[in-house]
Amino acid sequence: MTAPLRVLVTGAAGQIGYSIVIRIADGTVFGKEQPVQLVLLDVPQCANVLEGVVFELQDCALPTLHSVEAVTEEKAAFTGIDYAFLVGAMPRREGMERKDLLAANVKIFKSQGKALAEYAKPTTKVAIIVVGNPANTNAFIAAKYAAGKIPAKNFSAMTRLDHNRALAQLALKTGTTIGDVKNVIIWGNHSGTQFPDVTHATVNKNGTETDAYSAVGDNAFLQGPFIATVQKRGGVIIEKRKLSSAMSAAKAACDHIHDWHFGTKAGQYVSMAVPSDGSYGIPQGLIFSFPVTIDGATREWKIVQGLNFDDFAKGKIAATTKELEEERDDALKACDD
Ligand code: NAX
């Protein structure tokens, strides 16, 4: 029998948590043959809510779910885990800037980085996705405090929601469906400075594959409203729902880990914020969203190399890099306070 994977979801009493756990438990993420032991962490004030989620998961009667436990302490949460979905954080409310969130959230991720180092599986195989905002910088901090025990390359932050939003906007604009569109890229930070780039994307319209610029035939749209729509989508959803994106965020987190576990499809890449190795001149170690491919056998990601930038793209990438460097410096200061 396949050994179960031990999977942690933090912030599991929250709204993304509620949408994520069912996909992990029912085999959507790790496959229908892979048993899962789910560990749900939230703060002690949410213990009752967490218990409600556990009861619902039990009531789903899922063959892949071998066990589910609710915990409110890091030691119990992080012990022996294979995968971690670090969702728990203070969410952004209407009108709130990301910088306001930074100081509060960085402390959570410092503590969780230390807990990962101390309690996670003593192998290099544990894989971590940070969803809680500011996601890139939280991942940077968690990686820093887990260093020595868990390699930085095992840490990632989620820009897959932005990637999926870009795919959807491109499909809507060209009158195609998601399966017809591929290789959009989100560069940089999961924030308003991210650069949704379709320069290397393709669209299959009526059986003919063309580059996205030709398929859309409106460069001004792709360099203006398209980028703004993807960048600001999170804020628009908050304005409409009075809550941050949950269903789409949970789906994106599951896509991210699914592809990390199984590998990306041939000829396709996905966006993942990972520690920079210096590719494209991005400072080493910064958790930066790149196009990546993943080998399903080794579960190693690789940054897609050799893509060209025009001056427009260079400007956008410089802006998001600068923001991430500033966030990193602010976060390091907040960790020392
Ligand atoms: P909720 O407020 O519904 O849930 C967050 C949960 O985290 C709460 O239950 C809270 O008690 C828990 N929590 C807080 N501190 C914790 C700690 N130290 N340990 C464990 N649990 C803790 O927020 P939700 O809408 O689920 O959003 C969660 C996070 O995802 C937020 O930071 C949000 O900004 C972020 N998002 C990130 C996205 C991305 O693409 N990277 C998109 C969606 C979302 O906005």
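The values are calculated or read from the model by the stated rules, or taken from the named source; none is laboratory data. Only a predicted model underlies this, so the values are computations on that prediction, with no experimental measurement involved. Ideal geometry is used to build each Cβ from the backbone, glycine not excepted, and the neighbour counts take in all protein chains shown.
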Q) Taking the range 188-207, which residues are modelled with pLDDT under 95 and over 16 Å from the mean Cα position of the chain (by Cα)? A) LYS205, ASN206, GLY207
Q) List pairs: first in the range 235-246 and within 18 Å of HIS190 (Cβ to Cβ), second surrounded by fewer than 16 Cβ atoms within 10 Å (Cβ to Cβ), Cβ under 6 Å, 6+ apart or cross-chain? A) ILE238/GLU94
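Hey, can you tell me all the residues within the range 161-171 that are closer than 14 Å to GLY217 by Cα and surrounded by fewer than 24 Cβ atoms within 10 Å (Cβ to Cβ)?
Just the residues of the range 161-171 that are closer than 14 Å to GLY217 by Cα, to begin with: 170-171.
Result: ALA171, single match.
Being within 18 Å of ALA331 (Cα to Cα) and more than 14 Å from the ligand (Cβ to nearest atom) is the filter; apply it to the range 124-144 and report the residue that is surrounded by the fewest Cβ atoms within 10 Å (Cβ to Cβ). Let's see the steps before the verdict.
Of the residues in the range 124-144, the ones within 18 Å of ALA331 (Cα to Cα) are 130-144.
After this cut, where a residue has to be more than 14 Å from the ligand (Cβ to nearest atom) as well, the list is 143-144.
On the way: ALA143: 25, LYS144: 19.
Among those residues, the one meeting the criterion is LYS144.
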Q | Sole residue being farther than 20 Å from GLY11 by Cβ and within 16 Å of the ligand (Cβ to nearest atom), chosen from ALA171, ALA120, ALA157, ALA166 | A | ALA166
Q | Where GLY296 falls short, out of the listed (1) surrounded by 14 or more Cβ atoms within 10 Å (Cβ to Cβ); (2) touching a Phe, Trp or Tyr at 6+ places or on another chain (Cβ under 8 Å) | A | (1)
Q: Pick out the one residue from SER289, SER279, SER271, SER248 that is within 16 Å of the ligand (Cβ to nearest atom) and surrounded by fewer than 21 Cβ atoms within 10 Å (Cβ to Cβ).
A: SER248
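Here is a yes/no grid of residues against (1) within 18 Å of the chain's Cα centre (by Cα); (2) more than 11 Å from the ligand (Cβ to nearest atom); (3) over 21 Å from GLN284 (Cβ atoms):
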position	(1), (2), (3)
SER67	no, yes, yes
LYS75	no, yes, yes
ASP82	yes, yes, yes
ALA152	yes, yes, no
**Q.** Complete set of residues in the range 13-51 that are near the ligand (Cβ under 9 Å from one of its atoms) and either under 18 Å from HIS66 (Cα atoms) or in a helix (DSSP H, G or I) (or both)
**A.** GLN15, ILE16, GLY17, TYR18, SER19, ILE20, LEU41, GLN45, CYS46, VAL49, LEU50
Q. Taking the stated definitions as given, is LEU65 modelled with pLDDT of 95 or more, surrounded by 14 or more Cβ atoms within 10 Å (Cβ to Cβ), more than 26 Å from ASN138 (Cα to Cα) and in the same structural domain as VAL126 (by the TED database)?
A. yes
Q | Answer from ASN133, ASN164 - the residue that is touching a residue at least 24 places away in the same chain (Cβ under 8 Å) and assigned by the TED database to the domain that holds LYS99 | A | ASN133
Q | Which listed residue is in contact with a strand residue (DSSP E or B) (Cβ under 9 Å, 6 or more places away or on another chain) and surrounded by fewer than 19 Cβ atoms within 10 Å (Cβ to Cβ), from LYS121, LYS107 | A | LYS121
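Would you mind stating whether MET90 is surrounded by 13 or more Cβ atoms within 10 Å (Cβ to Cβ), in a loop (DSSP other than H, G, I, E, B) and at pLDDT below 95?
Values: surrounded by 13 or more Cβ atoms within 10 Å (Cβ to Cβ): yes; in a loop (DSSP other than H, G, I, E, B): yes; at pLDDT below 95: yes.
So MET90 passes the test.
Please state which one of GLY27, GLY52, GLY31 is of a type in the set (Gly, Ala, Ser), modelled with pLDDT of 95 or more and touching a Leu at 6+ places or on another chain (Cβ under 9 Å). Give the steps one after another, and end with the answer.
Details: GLY52 fails: touching a Leu at 6+ places or on another chain (Cβ under 9 Å); GLY31 fails: touching a Leu at 6+ places or on another chain (Cβ under 9 Å).
After applying the criteria, what remains is GLY27.
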